[in-house]
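Structure first, then comments.
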């Protein structure tokens, strides 16, 4: 379905193929040495994930209701090149598959919609990383409440 300007309306049906983009310039605090996951002044591994997630969230935001969000449930990344300080990076994330994932939780069957998202990070034309992530769509308030309840239970057992 299209709106009055001819653009596709943001619905689940149109989610397949959604693309998100994000950019960043690497800073000294983003390096492996600064983050403690290495001793070189190259981009920390955790920033590849952060940049890919930022692109994914940017691409998904218009397709979810205000009551929904997504959570990362699986991630695979191939780092193809190192990145130094002061480099402009561009990340893209594209929804390549939609899936309903069945699982049993608290003795009731539920189905969560899952998204498979392909991600790439480029330094100009040079691809420095690519990955795949699986994100599940959850109801924002109930998921946050469940997480808070688990935290309270964990604190009570100490």
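The values are calculated or read from the model by the stated rules, or taken from the named source; none is laboratory data. Everything numeric in this text was worked out from a predicted model, so none of it was measured. For neighbour counting, all protein chains shown are included, and Cβ atoms are generated from backbone atoms with ideal geometry for every residue, glycine included.
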Within the stretch 54-76, is even one residue surrounded by fewer than 13 Cβ atoms within 10 Å (Cβ to Cβ), more than 11 Å from the chain's Cα centre (by Cα) and within 17 Å of residue 129 (Cβ to Cβ)? yes
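Say we look at the stretch 42-75 and pick out the residues that are in a loop (DSSP other than H, G, I, E, B) and modelled with pLDDT under 95; which of these is nearest to residue 95 (Cα to Cα)? Talk me through it step by step, then tell me what you get.
Within the stretch 42-75, the first condition is being in a loop (DSSP other than H, G, I, E, B), and the residues that meet it are 42, 44, 64-67.
Retained after the next criterion (residues that are modelled with pLDDT under 95): 64-67.
Values: 64: 13, 65: 17, 66: 19, 67: 20 Å.
For the stretch 42-75, the residue satisfying everything is 64.
Going by the structure shown, is residue 19 under 23 Å from residue 135 (Cβ atoms), surrounded by fewer than 16 Cβ atoms within 10 Å (Cβ to Cβ) and modelled with pLDDT of 95 or more? First the steps, then the outcome.
Numbers: under 23 Å from residue 135 (Cβ atoms): yes; surrounded by fewer than 16 Cβ atoms within 10 Å (Cβ to Cβ): yes; modelled with pLDDT of 95 or more: yes.
Yes; evaluated as a whole, the condition is true for this residue.
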Of the residues in the stretch 126-143, those that are out of contact with any strand residue (DSSP E or B) (no Cβ under 9 Å at 6 or more places or on another chain) and either closer than 30 Å to residue 12 by Cα or at pLDDT below 95 (or both) come to 141, 142
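Looking at 95, 83, can you tell me which residue is crowded, with 19+ Cβ neighbours inside 10 Å, over 17 Å from residue 19 (Cα atoms), in contact with a strand residue (DSSP E or B) (Cβ under 8 Å, 6 or more places away or on another chain) and at pLDDT 95 or above? Let's see the steps before the verdict.
Working: 95 fails: over 17 Å from residue 19 (Cα atoms).
Every option except 83 fails the conditions.
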How about the stretch 46-59: which of its residues are over 15 Å from residue 122 (Cα atoms) and out of contact with any strand residue (DSSP E or B) (no Cβ under 6 Å at 6 or more places or on another chain)? 46, 57
